[in-house]
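Student: Pasting a structure below so you can have a look.
The values are calculated or read from the model by the stated rules, or taken from the named source; none is laboratory data. Since this is a predicted model, take the numbers as computed values, not measurements. We place every Cβ from the backbone using ideal geometry, glycine too, and count neighbours over all the protein chains shown.
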Amino acid sequence: MSKTFQLDIITPAKVISVGQVEYLRAPSTEGLFGVQAGHAPATITMGIGEIKVTQDGKDLFYATNGGFADINTEGVLLLVETVEDANTIDTNRASESGKRAKSFLKDASNDVERAQAALNRAKNRLKVAEKI
């Protein structure tokens, strides 16, 4: 049995064919989940967080805002709202987004739930960018 599996990440804007990987760790709405070759088929709801991929012994990191993971015998397909490679995250933009969200949270007349989600996304992007 192969020790790798195919990983593809699809967003509304792009498709990333990561290729053969040894390990995937991603955020679900219930906590982190991990996948190695031979994992049982499953569909998992993903949340905001860090996607960690081990490929050729090296770790790759991505930030995501959630979606679904489809795990099957051929590999894993991540259908996500957004994905950003840690190497390409604009930390200045993420920091500014976090500041805006914090200021929105101070005013109860704003959509607090939406502002909190924006703050969580900004914090996640900054955390993942630190991985490089």
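Student: Could you look through the stretch 45-86, keep only residues that are part of a strand (DSSP E or B) and among the charged types (D, E, K, R), and pick out the one that is farthest from the chain's Cα centre (by Cα)?
Tutor: Per the stated criteria, the residue is K58.
Student: While we're on this one: Of all residues in the stretch 59-84, which are in contact (Cβ under 8 Å) with a residue 40 or more places away in the chain, more than 15 Å from V21 (Cα to Cα) and surrounded by fewer than 17 Cβ atoms within 10 Å (Cβ to Cβ)?
Tutor: Across the stretch 59-84, the qualifying residues are L79, E81.
A quick yes/no check of all residues on (1) modelled with pLDDT of 90 or more; (2) of a type in the set (S, T, Y); (3) in the same structural domain as T64 (by TED's automatic domain parsing); (4) surrounded by 13 or more Cβ atoms within 10 Å (Cβ to Cβ):
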position	(1), (2), (3), (4)
S95	yes, yes, no, yes
K99	yes, no, no, no
K102	yes, no, no, yes
D107	no, no, no, no
N110	no, no, no, yes
A117	yes, no, no, yes
R121	yes, no, no, yes
N124	yes, no, no, yes
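Student: How many residues are within 13 Å of E74 (Cβ to Cβ) and either among the acidic types (D, E) or in contact with a Lys or Arg (Cβ under 7 Å, 6 or more places away or on another chain) (or both) if we restrict to the stretch 28-44? So that I can check it myself, show each step before the final result.
Tutor: First, pick out the residues of the stretch 28-44 that are within 13 Å of E74 (Cβ to Cβ): 35, 37-39, 41.
Keeping just the survivors that are either among the acidic types (D, E) or in contact with a Lys or Arg (Cβ under 7 Å, 6 or more places away or on another chain) (or both) gives 37.
Of the residues in the stretch 28-44, 1 are within 13 Å of E74 (Cβ to Cβ) and either among the acidic types (D, E) or in contact with a Lys or Arg (Cβ under 7 Å, 6 or more places away or on another chain) (or both).
Student: Could you look through the stretch 1-58, keep only residues that are of a type in the set (D, E) and surrounded by 14 or more Cβ atoms within 10 Å (Cβ to Cβ), and pick out the one that is farthest from V83 (Cα to Cα)?
Tutor: First, pick out the residues of the stretch 1-58 that are of a type in the set (D, E): 8, 22, 30, 50, 56.
Remaining after also requiring surrounded by 14 or more Cβ atoms within 10 Å (Cβ to Cβ): 8, 22, 50.
Details: D8: 12, E22: 20, E50: 10 Å.
In this case the residue turns out to be E22.
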